[in-house]
1. Based on the Kirkwood radius over alpha-carbon pairs, what is the Stokes-Einstein translational diffusion coefficient of segment B:147-289 at 37 °C with 0.692 mPa s viscosity, in µm²/s?
2. Using the Cα atoms as the points, what is the convex hull volume per residue of segment A:1-72 in Å³?
3. Please average, across the residues of A:45-55, the number of beta carbons from any other chain that are within 10 Å of each residue's own beta carbon, and give a whole number.
4. What ranking of B:D228, B:D204, B:D214 emerges when the number of other C-beta atoms within 10 Å of each C-beta is taken as an exposure proxy, fewest first?
5. What is the average number of partner chain Cβ atoms found within 10 Å of a Cβ in B:15-25?
6. From Cα pairs below 8 angstrom and at least 6 apart in sequence, can you work out the relative contact order of segment B:263-368, rounded to a whole percent?
7. With N denoting the number of residues in segment B:160-227, provide Rg(C-alpha) divided by 2.2 N^0.38 Å, to two decimal places.
8. What does the net charge come to around A:T37 if you take all other residues with beta carbon closer than 14 Å to its beta carbon, with K and R at +1 and D and E at -1?
Amino acid sequence: MTNTKLGTLELAAMLAVARLASNAYGLAVRKDLAERTGRDLSVGALYTTLGRLEKKGFLISRTSEPTPVRGGRSRRMYQVTSAGAQAIREAEQHSVSIWAGLGSPIIPETT
Amino acid sequence: MIASTLERLLSLLGVDPEFADAVLGDLAEEHSSRLIRDGSAAADWWYTHEALRSAPYLLVEVVRLASWRSRAWAAGIMAAAACITTVSLMALSVGTRRPARLVIPSGSSEHGLVVNNLRPFQIPVTVLDSAGRVLPDTGVQYRWVSGMPMPVTPGGLVTCSQPGDAVMHVSLGPLLTELLLRCRPVHDIRSGRMINLVVGDAIDVPFLAVDAEDREVTMLSGQITIQDSSVATVEAGEQGRLVRGRAPGSTGLNVKVGDKALFMSVHVYEPVSTIDGIKPGQHVALPVRLSGAETHSWMLAAAPEGYYVAVIPDGDEQNLLRLSIVGARCVPALDSHSFFCLAQHDATVFVYRSGESNQSAEVRGTLAVWRQSRP
C-alpha cells in the first residue's frame, strides 16, 4: 500500500518543486530548501527524498538535455503529479485543522 | 579524481545510470560555480565534503531497494568504501592543513559585527589553521541562536530588515564561535557640503546616515576612502573618521556604508597673506578676523576661469562668517557659505559677520579661494 502522508521534509521538497515549476531539478530544489528552511541537505539526502516521493507517485521526473556545466550530464527535472497536488492540499488541511482554535499566543506552563 | 571514484562506486552498486547522472551532474554544476566564486582548492574541498556527506544516503537507498543478493554485494562495497574513506580521511588529516580557528572581523564596533546593509549580507568569516594561514571557508555553518529574529542561511547570508541585535553560532566541524550581529540598516547617507580645509587642518568627515524613519544611525560600519592621498588623508578621530588637508589641491572622498555610497569633493588651501596674484589651479586660504560690525573686502581679479569662493569657520565652531561678491556672476554652491563665480571684470569679495552673532566677540575663520584651472 502506498503511504499517502507527507513528512515535513517531503512536504518542503514537494512545495519547492511546485514553486520552481519548469526549473525543478535537484540543485535548484536544494538551494530553495536551504533559503527557506535553513537546512543544508546533502545531495544524497535530497535525491533519496525525491526518489521516495517519485515512488509514492507524488512526483514524476524526466531527464533534460546534457549540459557542459554539468560535465555533459543531464538534469533530472521533477514535476508534481495530481496525486502529489492532492497530498499537498491534504497536508495543508491537516495543518489548518490542528492549528484551528488557537487564537492566542502559546503561554508556557509555569512551575 | 573524487568525481570518477564516486561514479565508479555508484556504478558498482548498480545505481540507475540516470539517477547517478542527476547526482553527479548536480555536484559538477555546483562545483563549477564554486570554482569561479571560491577558487579550485575550496571547490574541490566542497566536492569531497559533499560526496562523503551524500554517500551514506545513496548506499542506504540502494540497499533498501535491492534484492538480497544485491544487498550482500552492496554491503561488501559499503564496507570497502568505509575502509577507503577512513584511510582517505586519515591521509587528509595528515597531509592537509586543518582548520583551527574561525575569525570574525569586528567591524566598526568592539562588541559585535555591525551590519548596515539592506540587501542580504554575507557574514565574513575567515578560517585559519593552527599556523594562522587562511584556509578555504567551505563548510562553515551559521545559525541564529537568540535576540532579534533575523533570517540567516546556513551559508551565512543574513538580511537586516530592522534595527536590533542577534547572537549567531558560527561553526566548522568541532570549531564553534559566537557572534553578536548588530543590525543597523541604513536607508540613506547624506552630506550637504563640499569639504574645505586649510593645509594641516582636520575635520570629522561630514555625513549623516539615516534609517527608514529618517533618524540618525550612529553605529556604522563601512569605508571612507580618499582618491588622492597627497592632497588629503583620512585618519581615525575620537568620534569617527577625520579628513586632514595635506597639500593644496582638490580630490574626492568616497563614503560607503552598507549598500549606500556617497561622494564628496575635498578642497585643500595653502595659507597666504593676500589673494592678489592667485594663479589658475591655485587654492589659497586667507585668515579672517572680524571685530564688532567690521566688514573686510578683497579684490578678485578678472579671469577667464571660474572661482570657487568659501568661508570656513575655525575648528568645529558654527560658521558665523558671511560672503558677498560684487561685480561677478555667482551661483551658490552646496551651502550658504560658498559660491562659484565668473569674474569677467575685477570683482570684490566682502566678508562680514552673521546678524545672529554676538557683536562684541571676535569672529575668526578663513576665506578660501580656488581659481580653477584653464580648460
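Only the coordinates and a few stated rules stand behind these numbers; no lab work does. Keep in mind the model is a prediction, meaning the values are calculated, not measured. Reconstructed Cβ throughout: ideal geometry from the backbone, glycine too, with neighbour counts over all protein chains shown.
1. Numbers: Rh = 18.0 Å.
It comes out at roughly 183 µm²/s.
2. Values: hull volume 7.1 nm³, N = 72.
Dividing the Cα hull volume of segment A:1-72 by its residues yields 99 Å³.
3. Numbers: counts 6, 4, 9, 8, 2, 2, 7, 2, 0, 0, 1.
Average neighbour count from other chains, rounded to a whole number: 4.
4. Numbers: B:D228 16, B:D204 13, B:D214 9.
Ranked by crowding around the Cβ, least crowded first: B:D214, B:D204, B:D228.
5. Values: counts 0, 1, 0, 6, 6, 2, 9, 17, 7, 4, 16.
Per residue, the average neighbour count from other chains is 6.
6. Working: 222 pairs, mean separation 37.8, N = 106.
Normalised by residue count, the contact order of segment B:263-368 is 36 percent.
7. Values: Rg = 17.5 Å, N = 68, 2.2 N^0.38 = 10.9 Å.
The value comes to 1.60.
8. On the way: positive: A:R19, A:R30, A:K31, A:R36, A:R39, B:R143; negative: A:E10, A:D32, A:E35, A:D40.
Result for the local shell: +2.
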